[in-house]
Amino acid sequence: MRKALGRRVTAFAGLLALVGTTLVGPTSASAPAVAAPAPASDGVQYRVLVFTKSTDGDQAPTTAGVEAIKELGEQLRFSVQATGDARKFDLAYLKKFRAVVFLNTSGDVLNAAQQAAFEAYYKAGGGFVGIGSAIEAQPGWQFLSDVLGTRASGRTDVQPGTIKVADRVHDASKNLPEYWTRSDAWYNFQSNVRGKSHVLATVVEDTFAQQSWGGTLTGIAGGNMGADHPVTWCKDWQGGRSFYTALGNTAAGFGEANLRSHLGGAIKWAAGQADPVYSDCGATVLANYQQTAVALPPNTNEPVGFDVLPDGRVIQTDRRGGVRLHDPKSNTTTMLAQIPVYTASEDGLYGPGIDDNFATNRWVYLYYAPPTVKDVKLSTGEVVTQTTPTANAPNTGNSPAVWDPWVGYFQLSRFKFVGATADTPAHLDVASEQEIMRVPVNRGACCHVAGDIDFDKHGNLWLVTGDDTPAGGGNSGGFGPFNDQLTASGQYNAPHVDARRSAQNTNDLRGKVLRITVKGGDIASGEANRFGGAYTAPAGNLFPVGTEKTRPEIYAMGFRNPFRIQVDENDVAYITDYSPDSQTPQNFRGPAGTGRVEIVRKPANYGWPLCYKTDLPYYRWNFNTSTPLDTPAQAHECDNPTRGPQNNSRWNLNGGPTVEPGLEYGPPITNPDIWYSYTPENRADNPIGTPCLAYYNGSGATTCPRLFPELGTGGVGPHGAAKYHFDPNNADPTKLPPYYDNTVFFGEFTRDTLREVRLDSQNRIFKINNLLDCGGLTPQRVPQTSNPFECDNPMDLQFDGKGHFYLLAYGDGFFNVNNDAGLYRWDYVKGQRAPIPVLAASPTSGAAPLTVQFSSAGSRDPDPADSIRFQWDFTGDGAVDSTDPDPQFTYTTPGQYTARLTVLDSSGKSASANTTITVGNTAPKVTVNTPVEGGLFAFGDSIPFSVTVTDPEDGTIDCSRVAVTFVLGHDTHGHAEQTVNGCTGVLPTDANDVSHGGNVFGVISASYTDLGGPGGVPALTTVTQNNVRQKRQEVEFAAEESGTNVATTNDPAGGSQHRGSLASGDWIALNGPFNLQNINSLTFRVASTSTQVPAGGPMAAVEVHLDAVNGPILTTAALTSTGDAATWQSQTFPIVDPGGLHKVYLVFRSVSGGQTGGNLFNLNWAEFGGQGVSGS
């Protein structure tokens, strides 16, 4: 591709001679040759008008600018007419010019008639370039404000600053250094134009000068735009072309070769002379993208992964074992297979992977947990076949053999895809299964499967595997779980609470990136699941074949839950590794919740669970006493350039259930490319920044450099990274533009966001930008933000072979079929968008005859000039059954039908949505009677449950088929823990779960799959969930508040942080809602903020309001002084259950004779008293 660059210099030959040895950053995408137009007799191709009138008295920059542009004209073959005469703004005169440059204009310089002439010129296809103070011209002229995209809000003094030039293919930026440091006066702006205009470059503000790769750039003082401070942008708008650069505010600047190169490219583009493919000013404009729903609920079930077939159809898996084929052309969904799987916690079905030679061999690869496992080795050495118990594995035991019943594996297999015929729908031939590889696991405990699959250009299969370790197991508190200690009573801790046995074990396949070569021909039965039989390992993996105590399949190791992998054309793997859960720093533990993105360019060890980076170690820890293991505290050795940290886990050294002994020392640690946490980008109440050693090594530091602030706010859940490769030979007109070539697209599960991650010429993180602005949905699929696109919990993402971007969204529920899920595709359509269909139906299942009410409410067209109309196909036969917006249809014959809504707009474009209607079988109704929604408990309690299931076709319900699971809810994601089968029972909870930090709660999830309807009508599953809340509410984690802040607490009872700055009228909302059934008191853990009020005197009051800050008052707690700020007390007040579900607000009030000022008291926690929903 890069050879084409050499042919793009025709028009710039003279300019390049002028700029001489200018530093040039790498060009990511190469443009085709541009033939030089036939020159006129004087060589001039077009004319440019430079307008210089200004009310500003400093003419030096203008004079220098005019001279520079004239010299550019001589080099680039355009003529220049410079004028300060506003009378030239006559339409007939303006038409003589291909572009009009506002060079450092400012103030009111045009009258109404002149403004109208320029507006007409521009809308007729004219070009505009604004330079420097042009952003201040005609401040009351709305049209010019719209052309510019924003207005200035101020300007700094002249000072040096580093510009990050992100667009490496546009004529105005491709020849600039990627890190361009220069002096100028820097504008701030009233709004950020990104998304409405195409931003080519940004300046670094001083707050963000330090870079993730260790360097420090020149940041400007006085900037107030934050981490994304645009300085040059452009757009196609209302028929014309608009380019603005905030540079050029000094006379000296116009003498710089780089600035001249920049201006030359800007003028060339504005004049319409640039290659429109590469100099594309619509590349990041949101209105130029079309999001199409490939599949929506219920056709996605509980989505886990997907892959795109060469013909554009999509194969998608759900965790419960379903494999579906979505055809976007016909808007149909076909069930390809239902694989029997073991589904405790996160176990189930993962993948799929499409063979690199699918067009010929039709292989589809799946990674799944079979209910019955064959030929597994127990701790005694015995080899057995066994079915995994439904009960959870114990956390402690008298010997390793206690965990033998839960020895299992995940199976990597391939299945033949069989296309549809006249008589048979498309399907996977389950009988064709060829078993390739098994990954041993410890079942009966949550979590971390990973299980994504991809292929490289050589046909090698890449598979990611998780560490098979619970997030907070073994009293790890949401930090690194590496507990192999005997308990205080001398029992073993479960193997599954020590991730060293897996992720840091060189002889184990868990917590790894695996790279294998699958046998090309059929795999014989004796070759199944055998290295050298079903598969081999290509040269260049982490451990050569035959190395003692290693597995040759391992390409990279030391991962927690590397949930997603994508491999690019250069055999580089992009991994997103899910975060440990703790949100609260703790000295001598290790980094709290931190997500990682690893761009794996070579075999490596990424350190988990002992190291997060070479300079982010976990400390050696006594899990029995929750204190450092050593005095003084000692960190694991993560920075040794010759080896990794010591792995002296008993399981790693001696083996155990599912574990073979590995090396004591693995390879040295490699750093991730991105590592980020909850703060301060995410949580201003816990201002740590991007995690660094200083905040937990006892130094007392409370802040770290902010390295990735553009990632936004919310939790920590990296969920997919894929690099875009722009192919100039790809003829698809809707492929993504070359601006994105070599850019990594990144999805954040907990924040409902996508990001564009750009790398510099040395493959370091260069700039992170917003991407395809999207947001979450309500369960009714109503957007929760004003963003134009949907992405409720990004789950998986990739590009197809034609340059389109795909995203699978999981939705907001936990281990559930979520109505806000979806599978989407984005096309680059540049202003020619299809309508957006929204389909609703009720009921979607029932006995025949079944009358269904359909609705198109919410369907719309993003282009304001288009109208829409509707076509309905109720039975999937291709016929139009109705054109009404909200029709009704009666199904008389049992079966499963695809009902489709097609929305057509007045420009001829269309889009469809579909849903499944099941006739002859009614979805079961599952009701969680107890515990009640919003009920209160404490971790460590046992929670009795009662579930009622009714199903018209099944009749009497077999309660052994009802599965009830306790899910640890953590902000926006969850961890399935204990599962009990039955309509009644007791769910135990883990006392250690409270250590996760953040908004931690419980979810009681009840599931039932019916027996199907008569005549083979498919079975249906219903999942119902009730949330239960902690009795003790750590108030630093309150998501809603006004006027308060958070500080490290001095309370000897712990809690890490408390809330302060509680002035009269300030408030917080506890993380609910709550049902106060069986609750009789509310306790506040408080301390005075001064000695102003003697101990025992009135201090302040807390009004407890229901449902709103000014809602009904449940009680008013009259707090008494503790005497001083070092003394904490628990003060308890009676309350009466008001009945029902309520939000709870704490409003703080001053009282007569009490504390005065803006900090009435400090509050560590609020705790509800009483039995709640816990067992007696």
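Go through the stretch 929-956 and give me each residue that's in contact (Cβ under 8 Å) with a residue 24 or more places away in the chain, of a type in the set (Val, Ile, Thr) and more than 14 Å from Asn1075 (Cα to Cα).
First, the residues of the stretch 929-956 that are in contact (Cβ under 8 Å) with a residue 24 or more places away in the chain: 930-954.
Adding the requirement that they be of a type in the set (Val, Ile, Thr) leaves 930, 932, 943, 947-950.
Those that are in contact (Cβ under 8 Å) with a residue 24 or more places away in the chain, of a type in the set (Val, Ile, Thr) and more than 14 Å from Asn1075 (Cα to Cα): Ile943, Val947, Thr948, Val949, Thr950.
Mind checking which residues of the stretch 173-207 are more than 24 Å from Pro788 (Cα to Cα), of a type in the set (A, V, I, L, M) and in contact (Cβ under 8 Å) with a residue 60 or more places away in the chain?
Residues satisfying the conditions are Leu176, Ala185.
Please work out if Pro617 is in contact with a Gly (Cβ under 7 Å, 6 or more places away or on another chain), at pLDDT 95 or above and crowded, with 18+ Cβ neighbours inside 10 Å.
Details: in contact with a Gly (Cβ under 7 Å, 6 or more places away or on another chain): yes; at pLDDT 95 or above: yes; crowded, with 18+ Cβ neighbours inside 10 Å: yes.
Considered against the rule, which asks whether it is in contact with a Gly (Cβ under 7 Å, 6 or more places away or on another chain), at pLDDT 95 or above and crowded, with 18+ Cβ neighbours inside 10 Å, Pro617 comes out as yes.
Return the residue satisfying two criteria in turn: it lies in the stretch 759-774 and is crowded, with 20+ Cβ neighbours inside 10 Å and in contact with a Phe, Trp or Tyr (Cβ under 9 Å, 6 or more places away or on another chain), and of such residues it is farthest from Pro788 (Cα to Cα).
Going through the qualifying residues, I end up with Phe766.
Given the condition in contact with a Leu (Cβ under 9 Å, 6 or more places away or on another chain), of a type in the set (D, E, K, R) and modelled with pLDDT of 95 or more, answer yes or no: does some residue in the stretch 111-125 qualify?
Taking every residue of the stretch 111-125 in turn, at least one turns out to be in contact with a Leu (Cβ under 9 Å, 6 or more places away or on another chain), of a type in the set (D, E, K, R) and modelled with pLDDT of 95 or more.
Quickly run through the stretch 515-542 and pick out the residues that are touching a residue at least 40 places away in the same chain (Cβ under 8 Å), assigned to a loop (DSSP other than H, G, I, E, B) and within 29 Å of Pro668 (Cβ to Cβ).
Within the stretch 515-542, Pro538, Gly540, Asn541, Leu542 meet the criteria.
Among (1) in a strand (DSSP E or B); (2) buried (at least 17 other Cβ atoms within 10 Å of the Cβ); (3) in contact with a Ser or Thr (Cβ under 7 Å, 6 or more places away or on another chain); (4) not basic (Lys, Arg), there is one condition Phe854 misses while meeting the rest; what is its number?
So Phe854 meets the others, but not (3).
Considering only residues that are outside any strand (DSSP E or B) and aliphatic (A, V, I, L, M), look in the stretch 438-457 and name the one that is farthest from Phe358 (Cα to Cα). If you could, list the steps in order and put the result at the bottom.
First pass over the stretch 438-457, keeping only residues outside any strand (DSSP E or B): 443-449, 456-457.
Next cut, aliphatic (A, V, I, L, M) only: 445, 449.
Values: Ala445: 36, Val449: 26 Å.
Across the stretch 438-457, the extreme among qualifying residues is Ala445.
Could we say that Pro177 is in a strand (DSSP E or B), at pLDDT 95 or above and either surrounded by fewer than 24 Cβ atoms within 10 Å (Cβ to Cβ) or touching a His at 6+ places or on another chain (Cβ under 7 Å) (or both) here?
Details: in a strand (DSSP E or B): no; at pLDDT 95 or above: yes; either surrounded by fewer than 24 Cβ atoms within 10 Å (Cβ to Cβ) or touching a His at 6+ places or on another chain (Cβ under 7 Å) (or both): yes.
Spelling it out, it is not the case that Pro177 is in a strand (DSSP E or B), at pLDDT 95 or above and either surrounded by fewer than 24 Cβ atoms within 10 Å (Cβ to Cβ) or touching a His at 6+ places or on another chain (Cβ under 7 Å) (or both).
Quick one: what pairs do we get from the stretch 112-132, first residue free of Cβ contacts under 8 Å to residues at least 40 places away in the same chain, second assigned to a loop (DSSP other than H, G, I, E, B) and not aromatic (Phe, Trp, Tyr), C-beta under 6 Å, 6+ apart or different chains?
These pairs meet every condition: Ala117/Asp90.
Would you please name the residue that is modelled with the lowest pLDDT, looking only at residues in the stretch 999-1029 that are in contact with a helix residue (DSSP H, G or I) (Cβ under 7 Å, 6 or more places away or on another chain) and buried (at least 23 other Cβ atoms within 10 Å of the Cβ)?
Val1000
Filter the stretch 871-897 for residues that are surrounded by 13 or more Cβ atoms within 10 Å (Cβ to Cβ), touching a Phe, Trp or Tyr at 6+ places or on another chain (Cβ under 9 Å) and either assigned by TED's automatic domain parsing to the domain that holds Leu1020 or modelled with pLDDT of 90 or more (or both) and give the result. First the steps, then the outcome.
Kept after step one, since they are surrounded by 13 or more Cβ atoms within 10 Å (Cβ to Cβ), are these residues of the stretch 871-897: 871-876, 881-882, 885-887, 889, 891, 894-897.
So of that shortlist, the ones also touching a Phe, Trp or Tyr at 6+ places or on another chain (Cβ under 9 Å) come out as 872, 874-876, 881-882, 885-887, 889, 891, 897.
Passing the criteria: Trp872, Phe874, Thr875, Gly876, Asp881, Ser882, Asp886, Pro887, Phe889, Tyr891, Tyr897.
Inside the stretch 294-313, can you point out the residues that are within 12 Å of Arg825 (Cβ to Cβ) and surrounded by fewer than 23 Cβ atoms within 10 Å (Cβ to Cβ)?
So the first thing to find is which residues in the stretch 294-313 are within 12 Å of Arg825 (Cβ to Cβ), and the list is 294-295, 306, 308, 312-313.
If the condition is that a residue be within 12 Å of Arg825 (Cβ to Cβ) and surrounded by fewer than 23 Cβ atoms within 10 Å (Cβ to Cβ), then Val308, Gly312, Arg313 are the ones that fit.
What is the one condition in (1) within 15 Å of the chain's Cα centre (by Cα); (2) among the polar types (S, T, N, Q); (3) assigned to a loop (DSSP other than H, G, I, E, B) that Gln798 does not satisfy?
That leaves (3) as the condition not met.
Quick check on this structure: which one of Val402, Val439 is under 22 Å from Val373 (Cα atoms) and surrounded by 24 or more Cβ atoms within 10 Å (Cβ to Cβ)? Steps first, answer last, please.
Numbers: Val402 fails: surrounded by 24 or more Cβ atoms within 10 Å (Cβ to Cβ).
Checking each option against the conditions leaves just Val439.
Quick test of your reading of the structure: Phe306 fulfils all but one of (1) under 30 Å from Ser153 (Cα atoms); (2) modelled with pLDDT of 95 or more. Name the failing condition by number.
(1)
Where residues in the stretch 42-57 are part of a loop (DSSP other than H, G, I, E, B) and either of a type outside the set (Asp, Glu) or over 48 Å from the mean Cα position of the chain (by Cα) (or both), which of them is surrounded by the fewest Cβ atoms within 10 Å (Cβ to Cβ)? First the steps, then the outcome.
Pass one, the stretch 42-57, residues part of a loop (DSSP other than H, G, I, E, B): 42-45, 52-53, 55-57.
If we keep only those that are either of a type outside the set (Asp, Glu) or over 48 Å from the mean Cα position of the chain (by Cα) (or both) as well, we get 42-45, 52-53, 55, 57.
Numbers: Asp42: 7, Gly43: 10, Val44: 15, Gln45: 19, Thr52: 19, Lys53: 21, Thr55: 12, Gly57: 5.
Applying the filter and picking the extreme gives Gly57.
How do the pairs read when you match residues in the stretch 680-707 that are within 20 Å of Glu205 (Cβ to Cβ) and among the basic types (Lys, Arg) with residues anywhere that are in a loop (DSSP other than H, G, I, E, B) and at pLDDT 85 or above, using Cβ under 7 Å and keeping only pairs 6 or more apart or on different chains?
Here the result reads Arg706/Thr690, each pair linking the stretch 680-707 to a residue that is in a loop (DSSP other than H, G, I, E, B) and at pLDDT 85 or above.
The values are calculated or read from the model by the stated rules, or taken from the named source; none is laboratory data. Owing to the predicted nature of the structure, the values given are computational and were not obtained by experimental measurement. Note: ideal-geometry Cβ built from the backbone for every residue, glycine included; neighbour counts use all protein chains shown.
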